């Protein structure tokens with residue numbers, strides 16, 4: 001046993017150490033802040049299995065594996081102890097007790113049931129949603145765990161019969177606590193004591209062999225996530241970074257930039273260690289691509305494939321890198337074109353569905369954006385449509401490139417402008433209009449409707465007028481970090497100079513950037529989305545409505561409002577109060593909501609492959625039979641409106657912002673002093 005154990009542990013340690021050494025080629029990154037919240041996340045998502053339990057019976061199956069495998073460690077420790085010290089060895093404190101014995105029996109049986117469920121799904125039903133990239137790897141582990149459990153029952157059966165024959169086995173719990181092992185004992189009882197001993201000892205050593213085989217195998221395949229998964233959950237995000245919602249800041253100092261400085265990432269050594277470690281943690285469960293709008297509409301992008309290919313590349317180049325072959329041609333090869341296509345990279349909408357679904361908190365969006373940054377700022381290779389967007393943002397301060405005044409939308413409304421003489425000295429909230437509200441005809445109606453709502457509720461507010469420019473969201477998510485930082489710093493300086501503390505936005509992209517990303521540049525504001533602001537006005541009685549409905553209504557969850565910021569109920573409360581109706585929910589809603597296709601800068605890019613994402617979502621909305629599709633994002637409203645027109649349903653179905661729904665339902669009589 002000592003020889004087997006040392007060999008297994010040695011191989012296990014070698015595999016683990018090698019894989020961690022490969023990470024040394026990557027860029028360093030600090031992930032040790034906010035320790036209490038990190039521990040809390042591990043407790044919630046690893047031991048509480050929160051994300052997995054949202055997946056119905058498949059999640060339950062994994063929970064059975066997880067906790068069963070933890071309990072099985074006590075069986076393996078017992079077997080190791082017995083191999084080293086004999087069958088009288090007992091685990092300290094709990095060994096030989098009825099409680100431990102029964103728990104081992106029950107959880108072993110539970111794991112066998114889970115193995116049966118997994119086998120049915122993977123090899124009999126052949127469910128594509130659970131198909132792994134490596135079927136052989138999954139088969140080896142399922143067989144290994146099955147072998148551990150079956151040999152445990154047979155070995156226990158031999159020990160039970162030894163006790164019944166008068167030989168005391170101190171490590172064996174009371175027989176009544178071992179119902180399944182008892183069945184194995186009865187099956188063995190038909191043989192002579194010598195044959196029983198042969199089967200029992202053979203099972204014992206087979207158990208040891210399965211145990212050591214798992215030690216050797218697990219670090220070398222996707223089941224490395226048993227070790228790396230909990231660690232990845234712990235290291236998710238940091239104080240200023242929340243995957244998707246707040247992208248990592250690239251330090252850009254043009255004056256002191258080294259000649260070999262690189263922005264973004266293209267080869268393994270240019271990514272952070274966390275981006276590479278994500279690939280170790282991937283379980284290949286496929287939950288990410290089940291929800292991915294690009295993958296589900298026939299694009300090349302697959303979030304699972306992103307991690308699988310990263311791991312393959314690391315396994316290919318890692319051994320060479322630690323041998324000092326970093327500078328040899330082909331060792332560090334660019335991912336784009338060598339591993340991933342251009343379409344793969346630019347299909348992502350940064351909707352966050354992959355991040356939301358991932359049980360081990362992989363940061364897919366950050367890895368994709370890092371590659372986009374390299375393509376834009378280093379290689380100058382990006383979709384041709386993005387060229388116009390970048391120029392428009394640089395020259396006009398908005399992605400449409402509109403030259404008209406940013407304040408024309410507010411003509412006749414007499415809105416105070418902060419910074420102008422005598423204007424807006426005291427105000428409750430600054431209204432950030434955004435580029436859509438300023439220049440898009442449909443979004444202008446939303447902006448004016450919101451002004452009506454604020455005035456009806458007697459909310460004192462102001463804008464910054466022409467001083468406002470694009471928040472930079474599309475630039476950052478398309479990879480032009482330098483342009484984003486220029487726009488962000490300009491806005492932060494303006495807002496800070498005017499003493500702004502609280503900001504209201506009706507655009508989730510502006511809201512997310514102002515709230516989650518501007519703190520990276522010294523912009524620490526209280527930012528509220530108009531859905532939450534209006535809901536609060538209604539709760540406090542500052543706003544009174546007379547419910548009005550124009551037929552059944554459904555609501556589309558904006559990715560940057562919902563998944564990235566957890567705002568789901570406020571829009572629904574507001575719509576219910578304004579219409580007096582219960583929403584007709586789409587099949588995919590709230591956390592499972594399907595993207596409209598506009599995020600990640602794709603609002604201004606063409607879709608050249610597969611089905612258009614907005615058409616997929618529009619068809620789902622039309623399938624509810626609703627007469628109105630409510631939105632809380634100008635980008636979503638545009639994409640859904642285009643989808644409705646594509647389906648020739650514009651006469652039957654209208655797309656409206658929640659501010660417009662509320663504005664038409666204001667009870668002006670009740671709002672009088």
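In the set 242, 249, only one residue is outside the structural domain of residue 377 (by TED's automatic domain parsing), under 40 Å from the mean Cα position of the chain (by Cα), under 30 Å from residue 485 (Cα atoms) and surrounded by 19 or more Cβ atoms within 10 Å (Cβ to Cβ); that residue is 242. Restricting attention to the stretch 140-154, and to residues there that are touching a residue at least 12 places away in the same chain (Cβ under 8 Å) and farther than 21 Å from residue 187 by Cβ, which single residue is surrounded by the most Cβ atoms within 10 Å (Cβ to Cβ)? Only one residue tops the list, namely 145.
Do you know which residues across the stretch 6-34 are in contact with a helix residue (DSSP H, G or I) (Cβ under 6 Å, 6 or more places away or on another chain) and either on the phi > 0 side of the Ramachandran plot or part of a helix (DSSP H, G or I) (or both)? Steps first, answer last, please.
Taking the stretch 6-34 as the starting set, the residues that turn out to be in contact with a helix residue (DSSP H, G or I) (Cβ under 6 Å, 6 or more places away or on another chain) are 8, 11-12, 15-16, 21-23, 25-26, 29.
Once the filter is applied, which keeps residues that are in contact with a helix residue (DSSP H, G or I) (Cβ under 6 Å, 6 or more places away or on another chain) and either on the phi > 0 side of the Ramachandran plot or part of a helix (DSSP H, G or I) (or both), the stretch 6-34 yields 8, 11, 12, 15, 16, 21, 22, 23, 25.
Summed over the stretch 292-309, residues that are surrounded by 24 or more Cβ atoms within 10 Å (Cβ to Cβ) and part of a helix (DSSP H, G or I) total 6. Considering (1) assigned to a helix (DSSP H, G or I); (2) in contact with a helix residue (DSSP H, G or I) (Cβ under 6 Å, 6 or more places away or on another chain); (3) crowded, with 24+ Cβ neighbours inside 10 Å, the lone condition that residue 621 does not fulfil carries the number (2). Residue 554 meets all of the listed conditions (1) outside any helix (DSSP H, G or I); (2) at pLDDT 95 or above; (3) under 30 Å from residue 394 (Cβ atoms); (4) in contact with a strand residue (DSSP E or B) (Cβ under 7 Å, 6 or more places away or on another chain) but one, namely (3). Looking at the stretch 101-111, is at least one residue in a loop (DSSP other than H, G, I, E, B) and under 16 Å from residue 178 (Cβ atoms)? There is no residue in the stretch 101-111 that is in a loop (DSSP other than H, G, I, E, B) and under 16 Å from residue 178 (Cβ atoms). Residues in the stretch 349-380 that are touching a residue at least 40 places away in the same chain (Cβ under 8 Å) and either part of a loop (DSSP other than H, G, I, E, B) or assigned by TED's automatic domain parsing to the domain that holds residue 512 (or both): 349, 350, 351, 352, 358, 359, 360, 361, 362, 363, 378, 379. On the given criteria, is residue 561 within 22 Å of the chain's Cα centre (by Cα), in a helix (DSSP H, G or I) and not assigned by TED's automatic domain parsing to the domain that holds residue 358? For residue 561, the condition - within 22 Å of the chain's Cα centre (by Cα), in a helix (DSSP H, G or I) and not assigned by TED's automatic domain parsing to the domain that holds residue 358 - is not met. Name the one entry in 499, 479, 465, 419 that is on the phi > 0 side of the Ramachandran plot and buried (at least 24 other Cβ atoms within 10 Å of the Cβ). Result: 479 is the single residue among 499, 479, 465, 419 that is on the phi > 0 side of the Ramachandran plot and buried (at least 24 other Cβ atoms within 10 Å of the Cβ).
Restricting the search to helices (runs of 4 or more DSSP H) fully inside the stretch 394-499 and requiring at least 1 residues that are over 37 Å from the mean Cα position of the chain (by Cα) and not assigned by TED's automatic domain parsing to the domain that holds residue 378 gives 441-456.
If you check residue 278 against the conditions, is it assigned by TED's automatic domain parsing to the domain that holds residue 366, under 30 Å from residue 320 (Cβ atoms), touching a strand residue (DSSP E or B) at 6+ places or on another chain (Cβ under 9 Å) and not in a loop (DSSP other than H, G, I, E, B)? Break it down stepwise before answering.
Details: assigned by TED's automatic domain parsing to the domain that holds residue 366: yes; under 30 Å from residue 320 (Cβ atoms): yes; touching a strand residue (DSSP E or B) at 6+ places or on another chain (Cβ under 9 Å): no; not in a loop (DSSP other than H, G, I, E, B): yes.
So residue 278 fails the test.
Could you please find all residues in the stretch 178-198 being buried (at least 19 other Cβ atoms within 10 Å of the Cβ) and either in contact (Cβ under 8 Å) with a residue 40 or more places away in the chain or touching a strand residue (DSSP E or B) at 6+ places or on another chain (Cβ under 6 Å) (or both)?
Narrowing the stretch 178-198 to residues buried (at least 19 other Cβ atoms within 10 Å of the Cβ): 178, 181, 184-185, 188, 196.
Result: 178, 181.
Looking across the stretch 257-276, the residues that are surrounded by fewer than 23 Cβ atoms within 10 Å (Cβ to Cβ) and touching a helix residue (DSSP H, G or I) at 6+ places or on another chain (Cβ under 6 Å) come down to 262, 263, 264, 266, 269, 273.
Scanning the stretch 35-62 for residues that are part of a helix (DSSP H, G or I), surrounded by 13 or more Cβ atoms within 10 Å (Cβ to Cβ) and at pLDDT 85 or above gives 38, 41, 42, 44, 45, 46.
The values are calculated or read from the model by the stated rules, or taken from the named source; none is laboratory data. It should be emphasised that the depicted structure is a prediction, and the values quoted were computed from it without experimental measurement. Don't worry about glycine lacking a Cβ; one is built from the backbone with ideal geometry, like all the others, and counts go over all protein chains shown.
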